[in-house]
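The values are calculated or read from the model by the stated rules, or taken from the named source; none is laboratory data. Here the structure is a predicted model, which is why all the values come from computation and not from measurement. Note that we place each Cβ from the backbone using ideal geometry, even for glycine, and neighbour counts take in every protein chain shown. Surface accessibility is based on the protein's heavy atoms, side chains included, excluding ligands, DNA and RNA. Shrake-Rupley method; radii C 1.70, N 1.55, O 1.52, S 1.80 Å.
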Amino acid sequence: MADKKVVVPETLPVLPVRDTVLFPGAVLPLTVGRETSLALVNSLTGEEKLLGVVAQLDPRIEDPTAADLHKVGTLAKVHKTVKMPNGNIVVFLEGVQRIQVQELIGFRPFLRARIAAEPDILGEKDAELEALQRQAQDLFREVVSHSSQLSDELQSVAINIDDPGRLADFIAGTLPSLSTLLRQELLETSNVRKRLEILIRELSKELEVLELRSKIQEQVQEQVSQNQREYLLREQMKAIQKELGDIDDSQQEIDELRKKVEEAGMAAEAKKECERELKRLSKMTPASAEYMVSRTYLEWMTSLPWNKSSAAADIDIAKAHEILDEDHYDLQKVKERILDYLAVKKLQPGMKGPILCFAGPPGVGKTSLGKSIARALGRKFVRIALGGMHDEAEIRGHRRTYIGALPGQIIQGIKRAETNDPVCMLDEVDKLGRDFRGDPSSALMEVLDPEQNATFRDHYLDVPFDLSKVLFIATANWMDPIPEPLRDRMEIIELPGYTGEEKIHIARKYLIPKQAAEHGLKVGEQLDFTLEGLQEIIHSYTREAGVRSLEREIATLTRKQARRIAEGRTDMLTVTPEVVREFLGVAKYRTEREVEERVKQPGVAVGLVWTPVGGDIIFIEASRMRGGKQFTMTGHLGEVMQESMTAALTWVRANGERYGIDPDFFRKQDIHIHVPSGAVPKDGPSAGAAMVTALVSLLSGRAIRQRLAMTGELTLSGVILPVGGIKEKVLGAKRAGITEVLLPADNEPNAVQDLTPDILGDMKITYVRTLDEVIEHALAKETAAPPVTPQPEPKEKRAPGAESPRAIH
């Protein structure tokens, strides 16, 4: 380009550009299409066609104003214009000089501005400036040599530029990696030294990126070359083996897998996927990682029991009933449900399996019942422990893209069972977790829905698998943590705790023979348990709904006899209450005496509670002291239970006069209600009746009848509302030695059905509708302590005509 000196005019037409920065000394072809820009280019006449090129702050603005433009641009000379067929014009511009836009003085038909030249600030040409210039040239030369986008001729051009400012502008205009903002910053930097420093920093970054890129390309090229070499060698080896008649192991594996696919009897979609995978496998080398992934997938697909069933063709209802009775005592409701299912299955073999959920405290036989059901049905049994499971992929599997991916627990269980209709026990479904990895309970909804599980799609298999023939049985201690949609898909069968009589039957029929066999003893010859001995273990050393603790204590006594025999004593050990106390030590529970001792004084009532491990009793203690209007509640109580206590106090204050209680007792005394044990969290409204009874007993001085417990929610109108868990609560009361229980009258229909005479024994059940009936049945007739009665007003001397303090209050 000509080096002719160009005089910078005072005013100049301005061409706004998007994402483009023109440096002095650079040539730029620019396509012009805006109406104002076309008007500007067409207005240029004469030999020197000059204009100002200024970058926009926001390239999206179509009609920029002064606020939308940078303050520094470039004076440019138009060398050539070319009109395009679409009406646009390509303008070839040469940058001449930095300019500063001082003020826009015209907007139509194009922008016009008052400008001023922005000369380079060079200073003295010293050694530092020379070093900066050489460093920039060297770095630029390295960048050009590593870059595939820049021509090698640019190296010689940069070396021949002596002026530091022109060198910096040349490099800045040439580097393609610089952003528009950084180019504008370099354009606005009139100080040459600073411009070179910025440029050296960016050149260093670019050189580092290019070197890394070259290194990666070399590594990839080496790997590709190695793979190509291995492929050629293997092809040559195949050809040699073929000539020699040797067998190709990989081909033999593929043929075996293809045979397994044909024999598996899988669905059409699954077979199509396996054939596609076999085709991919035949094109891979056995050494590649993808080969093992595909092979593992095919092995999983061919090992699943797609059409293999274990259920007997002819279902024997009588034999199934016999097996269920042989393995478990009682549990009639569960047995009836299983036998009903077998009867329908016999009449309609194509029916879908039910989804049962056994809910009950630990140790009542939920898991072992699943094994018995499988034995009665003649099916395989699979147990999947869900407790603590957090990852959804444990149910649905991982996708094959992950390293070490496997199917979920459902498909793994089907594979272990080797049949497509096992009894699948989903143990502890109430203890599923939920976190950032997913919600397993949501994944179970598809598994436990008979309308959906016929096309269950595991993420690893990615083909439908029929789970409709599987008999799913879930177990839970507590139904509240189970999400409602999942609970809706299951048929819930409650398994309450056992009575003492039932535990004796279970111990004699199952636990004692089992423990004796495990310890090498013979029942009746070397070991025997008396009825009284078993009763002593049950009532004094265990307090549970199930029989696990009972089995542990029996195992302890069995080990004692095994030790005696090992020491040379051959006489039979008869387990009596004395032997129990000798070997098991001091009694752990003092049930009947504890209740009698604690309710001797007024203010102590016995309530009934439900827990995930069975029913139990709870003591509610009320006390009073001097003070006034302070009500204290302790015992690790929940919000609902605290509200019940407040409602109980309100009812007593409103109705206390009927029982000889001073209506103003709360003004003169503080009330404290405590519910032991203090470290155990408690909540719920069902202890409301017991709270009122404790307060009335305290304030009236009448003790509560011994060995009596109650449950029921109260209202401020004195009505007793129904509560849940009646059977578990009554069984817990029976274990604690309670002889009479007060229940809400609205619970009578369910209680009559659940509480059979063999469960109740000599326990008396009284149904109540109001708090007055509760107090009438619960409180003793005689007074054990002085009641809180109205006190006469103290006589005070007061001036004539003055009102009494009571009237003023």
Send over the semi-axes of region 100-151's equivalent ellipsoid, whole angstrom and largest first, taken as the square roots of 5 times the C-alpha gyration tensor eigenvalues.
38, 22, 5
How much of the pair distance distribution for region 1-54 lies past 19 Å, counting alpha-carbon pairs only, in percent?
31
Identify, among Trp300, Val192, Gln409, the residue whose Cα sits farthest towards the positive end of the charge dipole of the chain, taking +1 on the Cβ of Lys and Arg and -1 on the Cβ of Asp and Glu, with the dipole about the Cα centre.
Gln409
Rg/Rh (Cα only; Kirkwood hydrodynamic radius) as it applies to the chain:
1.24
Return one number: the angle in degrees, 0 to 90 and rounded to the nearest 10, between the long axis of the Cα atoms of helix 268-282 and the longest principal axis of the Cα atoms of the chain.
50
For Thr611, what accessible area in Å² do you get when you roll a 1.4 Å probe over the heavy atoms of the protein chains, rounding to the nearest 10?
40
With charges set only on the Cβ (+1 for Lys and Arg, -1 for Asp and Glu), what does the dipole of the chain come to about its Cα centre, in debye to the nearest 20?
1380
Counting only helical runs of four or more DSSP H residues, what would the 222 nm mean residue ellipticity of the chain come to if each run contributes -39,500 (n - 2.57) and the total is spread over all its residues?
-13000 deg cm²/dmol
Does region 341-464 come out rounded, prolate or oblate by the C-alpha gyration tensor, with a ≥ b ≥ c the root eigenvalues, rounded set by a/c under 1.5 and, if not, prolate when a/b is larger than b/c and oblate if not?
oblate
Charges on Cβ only, +1 for Lys and Arg, -1 for Asp and Glu, centred on the Cα centroid of the chain; of Val261, Ile171, Val17, which one is farthest towards the dipole's positive end?
Val261
Checked region 693-735 against the a/c 1.5 cut and the a/b vs b/c comparison, axes a ≥ b ≥ c from its Cα gyration tensor; verdict oblate
DSSP bridge pairs, the chain: antiparallel proportion in percent, nearest 5:
55
With charges set only on the Cβ (+1 for Lys and Arg, -1 for Asp and Glu), what does the dipole of region 300-413 come to about its Cα centre, in debye to the nearest 20?
420
C-alpha center-to-center spacing [region 719-749, region 347-399] in angstrom
32
In square angstrom, rounded to the nearest 10, how much accessible surface does Trp651 have for a 1.4 Å probe?
10
For the chain, with +1 on Lys and Arg beta carbons and -1 on Asp and Glu, the positive-most of Met237, Leu771, Gln102 along the dipole
Leu771
Going by amide H atoms built from the backbone, whose H comes under 5 Å of the H on Val17, apart from near neighbours?
Val54, Ala55, Gln56
If you fit an axis through the alpha-carbon atoms of helix 688-700 and take the longest principal axis of the Cα set of the chain, what angle between them do you get, 0 to 90°, nearest 10?
50
Within-15-Å neighbourhood charge of Gly123 [Cβ basis; K, R +1; D, E -1]:
-3
Using alpha carbons only, how many degrees (0 to 90, rounded to 10) separate the axis of helix 127-146 from the longest principal axis of the chain?
70
In debye to the nearest 20, how big a dipole does region 424-578 give about its Cα centre with +1 on each Lys and Arg Cβ and -1 on each Asp and Glu Cβ?
820
Note: region 693-787, point scatterers on Cα, Debye, no solvent; log10 I/I(0) at q = 0.13, 0.21, 0.22 Å⁻¹ equals -0.45, -1.06, -1.13
Value of Rg/Rh across region 25-136 [Cα atoms, Kirkwood radius]:
1.05
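Pull out a ≥ b ≥ c, the square roots of the eigenvalues of the alpha-carbon gyration tensor of region 419-492, then state rounded if a/c is under 1.5, prolate if not and a/b is larger than b/c, and oblate in the remaining case.
Values: a/c = 1.93, a/b = 1.31, b/c = 1.47.
Oblate, since a/c reaches 1.5 and b/c is not below a/b.
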Starting from the Cα of Lys279, step 7 Å along the direction of its Cβ; do the same at Ser309; then give the gap between the two resulting points in nm.
3.4
Two decimals is fine: what is log10 I(q)/I(0) at q = 0.18 Å⁻¹ for region 457-549, from a Debye sum with one equal scatterer on every Cα and no solvent?
-0.92
For region 425-492 versus region 270-326, the gap between their alpha-carbon centres in whole angstrom
21
Distance between region 145-222 and region 573-629 - C-alpha centres, whole angstrom:
87
Compare the peptides 758-769, 686-697 by average per-residue count of other Cβ atoms within 10 angstrom and give them in order, highest first.
686-697, 758-769
For region 371-512, the accessible surface attributable to carbon and sulfur atoms (probe 1.4 angstrom, ligands and nucleic acids excluded) amounts in percent to 49
If you add up the charges near Pro464, with Lys and Arg at +1 and Asp and Glu at -1, over every other residue whose beta carbon is less than 10 angstrom from its beta carbon, what do you get?
-3
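Quick one: with all protein chains in place, what share of the accessible area of region 588-680 is carbon or sulfur, to the nearest percent (1.4 Å probe)?
46
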Mind checking Rg over Rh on region 56-98, alpha carbons, Kirkwood formula for Rh?
1.06
